[in-house]
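**Student:** Pasting in a structure now, in structure tokens, and then I'll have a few things to ask.
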Amino acid sequence: MTGSNEFGLPREGLPAEEVFERMEAARADDVDWRDGRVGLYVHSGGDDVLAVAREAYSRFFSENALGPTAFPSLARFERDVIAWTGDLLRAEHPAGNITSGGTESILLAMKSIRDWARAAGRGGDRPEVLAPYSAHPAFSKAADLLGMQVTRTPLGSGYAADVGAMDAAVTPRTVAIVGSAPGFPHGIVDPLPEIALVAGRHSLWMHVDGCVGGFILPFAERAQYPVTPFDFRLDAVRSISADLHKYGFAAKGASTIVYRDAESHAYQPYHFDQWPRGHYTAPTIAGTRPGGAVAAAWAVMRYLGVDGYVRIAKTIYAARDAMMAGIRSHPELQILGEPQGPIVTFAAPDLDIFAVAEALTDRGWFVTRGAEPPCIHLGMLTALHVPVVDRYLDDLDAAMAEVRDGRRARDTGPVTYGG
Ligand SMILES: *Cc1c(COP(=O)(O)O)cnc(C)c1O
């Protein structure tokens, strides 16, 4: 029997109005990201950009990107987005797909690496991928699902990958090597040109995790900010993950996995025909794929163009630089490494940085923490944060005063991301 106990779906539906009332009530405790007091989970390139994404998403709300023959519009949007992204990332003949997010893009890169290694008779039963300690958990998640192994190598100076350690860690089972542009924990771009040399020397597939940087570093570069070469300009790089739903400012459920060429991309799709319905091919992990997410990505990219992205990148970097100057005005605080992207973290070697985090939380900020070393993680700076930089720095001054004067107890709360 269903619907007969209090946990079942009620038999009678509700008027739409009441449904929405209940949903609004349910979100009462959600953080209000619109005021810029949250550094994580929500991206915005501005209200106009959100409006374009929302409109495009609803126009293609019901369409399914699993069916390119039924919906050539979506197939074209996807081709364009991959071609545009590949061009931004300096590939001459890019191939790839729009995926549901960075995690899926990384999973697909790992699947391609595995099947490429298999075809070449390399890597044995459990092909190994080397990644810096700071690489996203998605690589380990993918390895777990795909019967591969990720070996994490220590970080070197400035919280960047230690290339010597990576070189020394190569074994006969190693088939690929990863670097981040930038990594999430400290916002540091790994020494990718040097990692590429290691990849070249050992004939490894190199993947760059540009989930954060893929849609902002190319524009920061155009705005004359210093950026380590991170893209297909490096010969060894065969795939890059870049999230549309982060600095692409598209709707959620959109990332890209881009390959240097069609040959590398060919290892990605899943083919199957041992069932009564004929030949099945899925380019990505999902079967049904939301047309809205594909349409919104196309619309936002076409709406902004290179100039629009450069304009937004400049505002974000200006806010970042103001934040960094404010943090540096406190001699007790230390920015970790040299961030080239929009993620900044800072520690306080002689103070309790988590007590500072608490004091900021009490002032209405949604503060995220890093674990090693204990630090405050500003999240991912976006256009939402531009108007609140001064307020944040004033509150940081007040928080520092409280902690310095011992008006705050030690804080040893857990450090989490997701879950
Ligand atoms: C966000 C992120 C990912 C994972 O992307 P999701 O869209 O959250 O799945 C991967 N790598 C880096 C560096 C990230 O910041």
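**Student:** Please work out if residue 178 is in contact with an Asp or Glu (Cβ under 8 Å, 6 or more places away or on another chain), within 21 Å of residue 341 (Cβ to Cβ), crowded, with 18+ Cβ neighbours inside 10 Å and of a type in the set (Val, Ile, Thr). Reasoning before the result, please.
**Tutor:** Values: in contact with an Asp or Glu (Cβ under 8 Å, 6 or more places away or on another chain): yes; within 21 Å of residue 341 (Cβ to Cβ): yes; crowded, with 18+ Cβ neighbours inside 10 Å: yes; of a type in the set (Val, Ile, Thr): yes.
Here the answer is yes, as residue 178 does meet what is asked.
**Student:** Moving on. Inspect the range 93-112 for any residue being in a loop (DSSP other than H, G, I, E, B) and among the basic types (Lys, Arg) and give the result as yes or no. It would help to see each step written out before you state the result.
**Tutor:** Residues of the range 93-112 in a loop (DSSP other than H, G, I, E, B): 93-94, 100-101.
Of the ones still in play, those that are also among the basic types (Lys, Arg) are none.
No; the residues of the range 93-112 include none that is in a loop (DSSP other than H, G, I, E, B) and among the basic types (Lys, Arg).
**Student:** Further question on the same structure: Considering only residues that are modelled with pLDDT under 95 and polar (S, T, N, Q), look in the range 343-393 and name the one that is surrounded by the most Cβ atoms within 10 Å (Cβ to Cβ).
**Tutor:** The extreme case among them is 382.
**Student:** In the range 207-219, how many are within 16 Å of the ligand (Cβ to nearest atom) and either more than 13 Å from residue 91 (Cβ to Cβ) or of a type in the set (D, E, K, R) (or both)?
**Tutor:** 8
**Student:** In the range 42-92, what residues are of a type in the set (Asp, Glu), part of a helix (DSSP H, G or I) and out of contact with any strand residue (DSSP E or B) (no Cβ under 7 Å at 6 or more places or on another chain)? I'd like the intermediate steps shown before the answer.
**Tutor:** As a first pass, look at the range 42-92 and keep what is of a type in the set (Asp, Glu): 47-48, 55, 63, 78, 80, 87, 92.
Those still in the list that are part of a helix (DSSP H, G or I) too: 47-48, 55, 78, 80, 87.
Of everything in the range 42-92, those that are of a type in the set (Asp, Glu), part of a helix (DSSP H, G or I) and out of contact with any strand residue (DSSP E or B) (no Cβ under 7 Å at 6 or more places or on another chain) turn out to be 47, 48, 55, 80, 87.
**Student:** Please go through the range 280-308 and pick out each residue that is exposed (fewer than 14 other Cβ atoms within 10 Å of the Cβ), in contact with a strand residue (DSSP E or B) (Cβ under 7 Å, 6 or more places away or on another chain) and in a loop (DSSP other than H, G, I, E, B). Full working, then the answer.
**Tutor:** Filtering the range 280-308 for residues exposed (fewer than 14 other Cβ atoms within 10 Å of the Cβ) gives 280-281, 287-288, 305, 307.
Among the residues that remain, those that are also in contact with a strand residue (DSSP E or B) (Cβ under 7 Å, 6 or more places away or on another chain) are: 280-281, 288.
Scanning the range 280-308 gives a single hit, 288.
**Student:** If you check residue 297 against the conditions, is it out of contact with any helix residue (DSSP H, G or I) (no Cβ under 6 Å at 6 or more places or on another chain), within 16 Å of the ligand (Cβ to nearest atom) and farther than 30 Å from residue 204 by Cβ? Even if it seems obvious, please write down each step before you answer.
**Tutor:** Values: out of contact with any helix residue (DSSP H, G or I) (no Cβ under 6 Å at 6 or more places or on another chain): no; within 16 Å of the ligand (Cβ to nearest atom): yes; farther than 30 Å from residue 204 by Cβ: yes.
Here the answer is no, as residue 297 does not meet what is asked.
**Student:** Scan the range 60-111 residue by residue and report those that are of a type in the set (D, E, K, R) and either closer than 28 Å to residue 149 by Cα or open to solvent by less than 50 Å² (accessible area, probe 1.4 Å) (or both).
**Tutor:** First, pick out the residues of the range 60-111 that are of a type in the set (D, E, K, R): 63, 76, 78-80, 87, 90, 92, 104, 111.
Result: 78, 80, 104, 111.
**Student:** Any residue at all in the range 232-240 that's within 19 Å of residue 176 (Cα to Cα), open to solvent by 10 Å² or more (accessible area, probe 1.4 Å) and aliphatic (A, V, I, L, M)?
**Tutor:** Taking the range 232-240 and keeping what is within 19 Å of residue 176 (Cα to Cα), we get 232-240.
Retained after the next criterion (residues that are open to solvent by 10 Å² or more (accessible area, probe 1.4 Å)): 233-236, 238.
Those left that are additionally aliphatic (A, V, I, L, M): 234, 236.
Within the range 232-240, one or more residues are within 19 Å of residue 176 (Cα to Cα), open to solvent by 10 Å² or more (accessible area, probe 1.4 Å) and aliphatic (A, V, I, L, M).
**Student:** Also: Residues of the range 168-178 being under 30 Å from residue 368 (Cα atoms) and more than 11 Å from the ligand (Cβ to nearest atom), which ones? Lay out the reasoning, then the answer.
**Tutor:** Step one: filter the range 168-178 for residues under 30 Å from residue 368 (Cα atoms), giving 177-178.
Residue satisfying the conditions is 177 alone.
**Student:** Further, regarding this structure: Say whether the condition of being in a loop (DSSP other than H, G, I, E, B) and of a type in the set (A, V, I, L, M, F, W, C) is met by at least one residue in the range 388-397.
**Tutor:** Within the range 388-397, the subset in a loop (DSSP other than H, G, I, E, B) is none.
No, every residue in the range 388-397 fails to be in a loop (DSSP other than H, G, I, E, B) and of a type in the set (A, V, I, L, M, F, W, C).
**Student:** Okay, moving on. Among the residues of the range 163-175, count how many are touching an Asp or Glu at 6+ places or on another chain (Cβ under 6 Å), open to solvent by less than 40 Å² (accessible area, probe 1.4 Å) and either within 20 Å of residue 264 (Cα to Cα) or assigned to a strand (DSSP E or B) (or both). Working first, answer last.
**Tutor:** Our first condition is that a residue be touching an Asp or Glu at 6+ places or on another chain (Cβ under 6 Å); within the range 163-175, this holds for 163, 173-174.
With the extra rule that they be open to solvent by less than 40 Å² (accessible area, probe 1.4 Å), the set shrinks to 163, 174.
In the following step, the residues that additionally are either within 20 Å of residue 264 (Cα to Cα) or assigned to a strand (DSSP E or B) (or both) were identified as 174.
So the answer is 1.
**Student:** Pairs only if they're at least six apart or on different chains, beta carbon under 7 angstrom, first in the range 374-390 and within 12 Å of residue 327 (Cα to Cα), second open to solvent by 30 Å² or more (accessible area, probe 1.4 Å) and assigned to a helix (DSSP H, G or I); list them, first residue then second.
**Tutor:** From residues that are within 12 Å of residue 327 (Cα to Cα), the pairs are 389/322.
**Student:** Can you list residue pairs whose Cβ atoms sit under 8 Å apart, with the first residue in the range 221-246 being under 14 Å from residue 199 (Cβ atoms) and the second being among the hydroxyl-bearing types (Ser, Thr, Tyr) and more than 15 Å from the ligand (Cβ to nearest atom)? Count only pairs 6 or more apart in sequence or on different chains.
**Tutor:** 238/259; 238/264; 239/112; 239/259; 239/264
**Student:** Now for a separate question. Could you please give the count of residues in the range 309-338 that are without any contact (Cβ under 8 Å) to a residue 24 or more places away in the chain and either open to solvent by less than 20 Å² (accessible area, probe 1.4 Å) or assigned to a helix (DSSP H, G or I) (or both)?
**Tutor:** Of the residues in that region, 5 qualify.
**Student:** Looking only at the range 133-146, decide whether some residue is farther than 30 Å from residue 307 by Cα, open to solvent by less than 10 Å² (accessible area, probe 1.4 Å) and more than 16 Å from the ligand (Cβ to nearest atom).
**Tutor:** Checked the range 133-146: no residue is farther than 30 Å from residue 307 by Cα, open to solvent by less than 10 Å² (accessible area, probe 1.4 Å) and more than 16 Å from the ligand (Cβ to nearest atom).
**Student:** Please name all residue pairs, on different chains or six or more residues apart, with Cβ atoms under 8 Å, provided the first residue is in the range 95-113 and is of a type in the set (A, V, I, L, M, F, W, C) and the second residue is near the ligand (Cβ under 7 Å from one of its atoms) and part of a loop (DSSP other than H, G, I, E, B).
**Tutor:** Hits for this filter: 106/136; 106/211.
**Student:** Also, I was wondering about something else. Report yes if some residue within the range 109-125 is among the hydroxyl-bearing types (Ser, Thr, Tyr) and under 19 Å from residue 251 (Cβ atoms); otherwise report no. Walk me through how you get there before you give the answer.
**Tutor:** Here is the first cut: in the range 109-125, the residues among the hydroxyl-bearing types (Ser, Thr, Tyr) are 112.
Filter once more, so that each one left must be under 19 Å from residue 251 (Cβ atoms): none.
No; the residues of the range 109-125 include none that is among the hydroxyl-bearing types (Ser, Thr, Tyr) and under 19 Å from residue 251 (Cβ atoms).
The values are calculated or read from the model by the stated rules, or taken from the named source; none is laboratory data. These numbers were taken from a predicted model, which means no experiment stands behind them. Note that each Cβ is placed from the backbone with ideal geometry, even for glycine, and that neighbours are counted across all protein chains shown. Just the protein is used for accessible areas: all its heavy atoms, side chains included, with ligands, DNA and RNA removed. Shrake-Rupley method; radii C 1.70, N 1.55, O 1.52, S 1.80 Å.
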